[in-house]
1. Based solely on C-alpha atoms, express the radius of gyration and the Dmax of region A:1-139 in angstrom.
2. Relative contact order of region A:115-232: what whole-number percent is it, with Cα pairs under 8 angstrom and at least 6 residues apart?
3. Quick one: which of A:36-44, A:66-74, A:53-61 comes out on top by average Cβ neighbours within 10 Å, and what's the full order, highest first?
4. Grab the protein assembly as shown and count how many Lys pairs have their alpha-carbon atoms under 19 Å apart, sequence gap of 8 or more, or different chains.
5. Over all Cα pairs of chain A, how is the pair count split among 10 Å bins, expressed in % and running from 0 up to the last occupied bin?
6. Chain B: which trypsin sites (Lys or Arg not before Pro) are DSSP loop and have at most 15 other beta-carbon atoms within 10 angstrom?
7. Roughly how tilted is helix B:52-62, in degrees to the nearest 10 and between 0 and 90, from the longest Cα axis of chain B?
8. Averaging the inverse of every distinct alpha carbon separation and then flipping it gives the Kirkwood radius. What is it for region A:171-232, in angstrom units?
Amino acid sequence: MKFGVIVFPGSNCDHDAYHVISKHVGQPVDFIWHRDTNLDLYDALIIPGGFSYGDYLRAGALARFSPVMDSVKKFAASGRFVLGICNGFQILCEAGLLPGALIRNRDLHFICEHVFVRVETSDTPFTNEMERGSVLQLPIAHAEGNYVCDDQTLATLQQDDRIVVRYCDRNGEITKAANPNGARDNIAGICNRKRNVLGLMPHPERACEDLLGSSDGRDIFRSLAATLAAVA
Amino acid sequence: MKAKVYVSLKPGILDPQGKAIQHSVELLGFDGISDVRQGKYFEISLADTGEPEAARESVSRMAREVLSNPIIEDYRVEIEA
């Protein structure tokens with residue numbers, strides 16, 4: 001199984017993602033410059049966090065027009081796996097690969113802290129090694145993480161079991177106080193209809209070593225690696 | 001020819017920046033303000049084709065596909081000869 005980490009001008013979590021894949025997942029991984037368009041070699045892509053194009057216009061809005069993104073759309077359509085983290089989630093929404101949008105945090109601040117999220121479904125390639133209801137401690141670092149969508153989209157996400165992680169307190173209770181940014185329905189991450197594309201605001205790649213305060217993020221990469229091993 | 005594009009958040013989409021600005025303006029002593037919404041404004045210089053309707057159509061597409069995110073924003077286009 002081979003992983004690719006896409007690098008846009010302004011990506012800054014690309015090395016963290018690369019480190020986790022090579023060190024903890026123990027699989028080959030390449031950086032893919034945003035001007036490259038050949039993704040044939042890869043089984044899974046990570047669209048990392050950062051400030052692609054300086055967040056000009058809207059977070060993720062300009063990265064959508066990078067040459068690699070047409071290939072990413074075809075890659076996703078082929079059923080292979082795409083994980084968008086933070087700015088990567090914003091890019092996936094702007095590109096129309098995931099529904100909804102991420103707007104300025106409710107309280108305006110850039111928030112950089114550890115939060116808790118509850119795994120709402122184990123029926124995704126990214127969470128299938130976890131129990132539904134598992135609580136993960138993961139860091140967030142964003143100014144635009146407030147997930148918005150219309151009522152119809154929310155109902156569809158709920159009916160199709162596509163809300164993958166939601167902000168919760170340390171006991172796994174979904175509360176308003178545990179919602180750091182005002183996201184609708186405490187949504188921290190969603191997947192597409194085919195379930196092979198996941199976007200989430202928290203950073204699992206920054207939570208894979210106890211030294212960093214949490215290693216809960218490993219479960220997401222462990223799930224993805226198990227999925228890839230099963231389809232290989 | 002010049003195009004002006006105004007992009008604003010749809011009604012109902014939270015605008016914490018607008019709220020913060022309103023608060024500051026009120027601190028300055030301006031009263032009677034019921035709401036402030038912050039938006040974006042673009043000026044686009046166009047080749048003078050003498051076809052304002054074609055220009056409007058083209059800039060509207062630009063506004064729809066790039067300058068605004070239709071999930072959260074509305075846009076308005078003005079063409080100046």
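1. When restricted to the Cα atoms of region A:1-139, Rg and Dmax are 15.1, 42 Å.
2. Value for region A:115-232: 32 percent.
3. A:53-61, A:66-74, A:36-44
4. 10
5. P(r) for chain A, in whole percents per bin: 8, 37, 40, 14, 0.
6. Filter output for chain B: B:Arg37.
7. The helix B:52-62 is inclined about 60 degrees to chain B.
8. 13.7 Å
Just so you know, all these numbers are worked out from the coordinates, no wet-lab data involved. Fair warning: this is a prediction, and the values are worked out from it, not measured in the lab. Cβ atoms come from the backbone with ideal geometry, glycine included; neighbour counts cover every protein chain shown.
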